[in-house]
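One structure is given here, and the rest of the page talks about it.
Values in this text are rule-based calculations from the coordinates and carry no lab data. No experiment lies behind these values; they were computed from the predicted model shown. So basically every Cβ, Gly included, is an ideal-geometry build from the backbone, and we count neighbours across all protein chains shown.
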Amino acid sequence: VTSVGDVLTLRASIKTKLKLNCSRCLETFIYPIDIDIEERFTNNKELQDNEEIIFVDSDTLDIAEIVESISISTLPIKRLCTDDCNGLCYQCGKNLNEGSCQCETNDVDLRLAKLQELFGNKEV
């Protein structure tokens with residue numbers, strides 16, 4: 001932490017490991033976070049409208065919310081245990097990373113399955 005005038009500058013490194021659930025297979029996996037942050041704070045009301053400085057309306061500074069927000073923003077939208085995760089079988093729910101299941105494979109797009117029911121096994 002450094003101070004120049006009414007502005008405190010916080011420089012920190014965040015290194016941690018989070019337990020996340022895979023978006024495809026739902027297994028728990030460890031996701032490492034290693035980021036550097038730099039934030040500026042002030043309690044000077046004249047600097048309140050400066051977008052690069054966080055205004056603090058007290059004499060104490062709680063950075064927990066800022067660290068949490070920055071950490072969450074680094075997480076991928078689709079959280080995968082591995083890039084080649086096979087996910088779950090959509091019929092029986094078996095984790096396909098552990099092997100194949102005995103379900104019938106049908107190459108019909110699920111969104112068009114009702115049309116297939118109308119036509120049966122006829123080719124169109």
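Could you tally the net charge around ILE63, taking each other residue with its Cβ under 13 Å from the Cβ of ILE63, Lys/Arg +1 and Asp/Glu -1?
Local net charge: -3.
If you take every DSSP beta bridge whose two residues both sit in the range 2-73, what share of them, in percent to the nearest 5, is antiparallel?
Counting DSSP beta bridges with both partners in the range 2-73, the antiparallel share is about 90 percent.
State the answer as a single residue: which of TYR31, VAL7, SER58 lies farthest towards the positive end of the charge dipole of the range 2-73, with beta carbon charges of +1 for Lys and Arg and -1 for Asp and Glu, about the Cα centre.
Most positive-ward Cα: TYR31.
Report relative contact order for the chain in percent, whole number only (criteria: Cα-Cα under 8 Å, sequence separation at least 6).
Computed over the chain, the figure is 20 percent.
Can you show me the helix-derived [θ] at 222 nm for the chain, built from DSSP H runs with n ≥ 4 at -39,500 (n - 2.57) apiece and divided by the number of residues, rounded to the nearest 500.
After summing the helix terms and dividing by the residues of the chain, the value is -4000 deg cm²/dmol.
Leaving out same-chain residues fewer than 8 places away, which lysines sit with a Cα under 27 Å from that of LYS94?
Partners found: LYS19, LYS78, LYS114.
With a sphere of radius 9 Å drawn around the Cβ of TYR31, what net charge do the other residues whose Cβ falls strictly inside it have (Lys, Arg +1; Asp, Glu -1)?
Cβ neighbours under 9 Å give a net charge of +3.
How do ASP84, ASP6 rank when sorted from fewest to most other Cβ atoms within 10 Å of their own Cβ?
Result, fewest neighbours first: ASP84, ASP6.
Which of the trypsin sites (Lys or Arg not before Pro) across the range 1-92 are loop residues per DSSP, with 10 or fewer other Cβ within 10 Å?
Hits after loop and neighbour filter: LYS78.
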